[in-house]
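The values are calculated or read from the model by the stated rules, or taken from the named source; none is laboratory data. Bear in mind that the values here come from a model prediction, so they are computed numbers and not experimental data. So basically every Cβ, Gly included, is an ideal-geometry build from the backbone, and we count neighbours across all protein chains shown. Note: accessible area is taken over every heavy atom of the protein model, side chains too, but ligands, DNA and RNA are not part of it. Shrake-Rupley method; radii C 1.70, N 1.55, O 1.52, S 1.80 Å.
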Amino acid sequence: MTNATITGWGKALPPSVLTNSDLEKIMDTSDEWITSRSGIKERRISHVETSDMATIAGFRALAAAGLEPSDIDLIIVATCSPDTLIPSAAAYVQAKLGATNAAAVDLNAACSGFIYSLVFGANMIRGGTNRRVLVIGAEKLHSYIDFTDRSTSVLFGDGAGAVVLEPTEGDEGLLSSELGMDGESAEFLCIPGFGTVGDRVPDLPSEVGVQMDGQEVFRRAVTMMGDSSVRVVEEAGLDFEDVDILIPHQANQRIIDATARRIKLASDQVFMNIHAYGNTSAATIPIALTEALEQGRIRPGANIVFAAFGGGLSW
Ligand code: UT7
């Protein structure tokens, strides 16, 4: 049976760094608090739009796969911070890449968006609709950040990562997956004032800004990322000893540590780069995957588990 496998990867991080000590100067916070509560030391702030970062990551993933933009027949951009609502970020990316043979669509599942997109893209290949799919996670979250709210503003950053999916008849590729949503708990993590609920006015309403019940989201993230990982590993017919690396959504070092403990993974089986970029929502996993490959942490044939949890509440 035809499966879909990752053949290219790349990332794009804006050069401007916002450190914890920078934040100390504009709000009542401390490097000690941010580091001990989240593991974050610094994050990137983009001077260009979401689609610009997505395009750079996309070009790099295509180069890694040895493909041209014209080889791609579907682009999925996982984002909750598109440049505009219409056109989609994916439309801009298609034009900037010159991927003239590709259909293109945005997917919003907040922090779980990359995994949703990966599964959707893989199934388009498995079903025979598409042959080469570019899946990108890209966010310019600082546009939503209310820098007077210290409880959320210290957590997020900007960036993009991408993978190319291609068909394979071998035994590699996407082995199993689980996607889920608890829409009834959406209030625990949301940007409530943006969309048709808002007034049609040029000034953004004050509800535009991330609102989060951190402890509630923390508790659910550990449970859902852990339990969901157990189910997909079982469904793939594997044990956790067979898992070479867990690449989790990077929202909080303590969530990642607690998830790893819940499923009894050793620290060398878990990839973490949250200290450098903070939470880039849909972009954390493709950025982390790219860095794990750059660091030689992933060898051909490795078994990788991706896990994410975020707004929706999605996993
Ligand atoms: O990617 C989407 C998913 N998102 C997540 O998974 C995030 C999940 N939640 C978390 O990561 C954590 O809950 C946070 C990092 C957001 C917060 O950590 P916490 O240990 O749950 O802290 P807290 O919210 O209970 O706040 C503790 C204290 C409060 O002070 P009081 O009321 O105890 O006096 C806050 O006012 O820390 C205070 N505080 C801060 N202090 C300094 C909150 N933000 C800050 C800050 N600097 N930036």
Once the principal axes of the Cα atoms of the chain are found, what is the range along each, listed largest first in whole angstroms? 55, 45, 37
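Take every Cα pair under 8 Å in the range 1-130 that's 6+ residues apart, average their separations, divide by the length, and report that relative contact order as a whole percent. Don't skip to the end; give the middle numbers.
Working: 185 pairs, mean separation 35.4, N = 130.
Computed over the range 1-130, the figure is 27 percent.
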As straight-line cross-link partners of LYS96, the qualifying lysines (C-alpha separation under 18 Å, not fewer than 8 residues apart within one chain) are LYS11, LYS140
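Of all alpha-carbon pairs in the range 192-315, indicate the percentage at a distance above 22 angstrom. Show your work: numbers first, answer last.
On the way: 3145 of 7626 pairs.
Tail of P(r) above 22 Å: 41 percent of Cα pairs.
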Could you pull out every one of the aspartates and glutamates with an alpha carbon less than 20 Å from that of LYS41, ignoring same-chain neighbours closer than 8 positions? ASP22, GLU24, ASP28, ASP31, GLU32, GLU139, ASP146, ASP149, ASP158, ASP257, GLU291
Of all the accessible heavy-atom surface of the chain, with the other protein chains kept in place and a 1.4 Å probe, what percent is carbon and sulfur? 51 percent
Starting from 0.36 nm per residue, how many nanometres of slack lie between GLN215 and SER70 once their C-alpha separation is accounted for? 47.7 nm
Per residue, how much accessible surface does the chain expose to a 1.4 Å probe? Answer in Å², no decimals. 44 Å²
Rg and Dmax [Cα atoms of the range 3-52; Å; Rg one decimal, Dmax integer]: 15.8, 51
Residues with amide H under 5 Å of LYS140's amide H, sequence separation 5 or more or different chain, H placed in the peptide plane at 1.01 Å from N; which? SER81
Can you tell me what percent of all Cα-Cα pairs in the range 1-99 are more than 17 Å apart? 62 percent
Over the range 232-289, the quotient of the Cα radius of gyration and 2.2 N^0.38 Å is 1.14
Sparse-neighbourhood loop sites, trypsin sites (Lys or Arg not before Pro) in the range 248-315 - DSSP loop, at most 15 other Cβ within 10 angstrom: LYS264
Taking 8 Å as the Cα distance limit and 6 or more residues as the minimum spacing, I'd like the relative contact order of the range 162-273 as a percentage. 23 percent
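Could you tell me what a quarter of the Cα convex hull surface of the range 159-262 works out to, in nm² with one decimal place? Mind dumping the intermediate values first?
Details: hull surface 39.9 nm².
Result: 10.0 nm².
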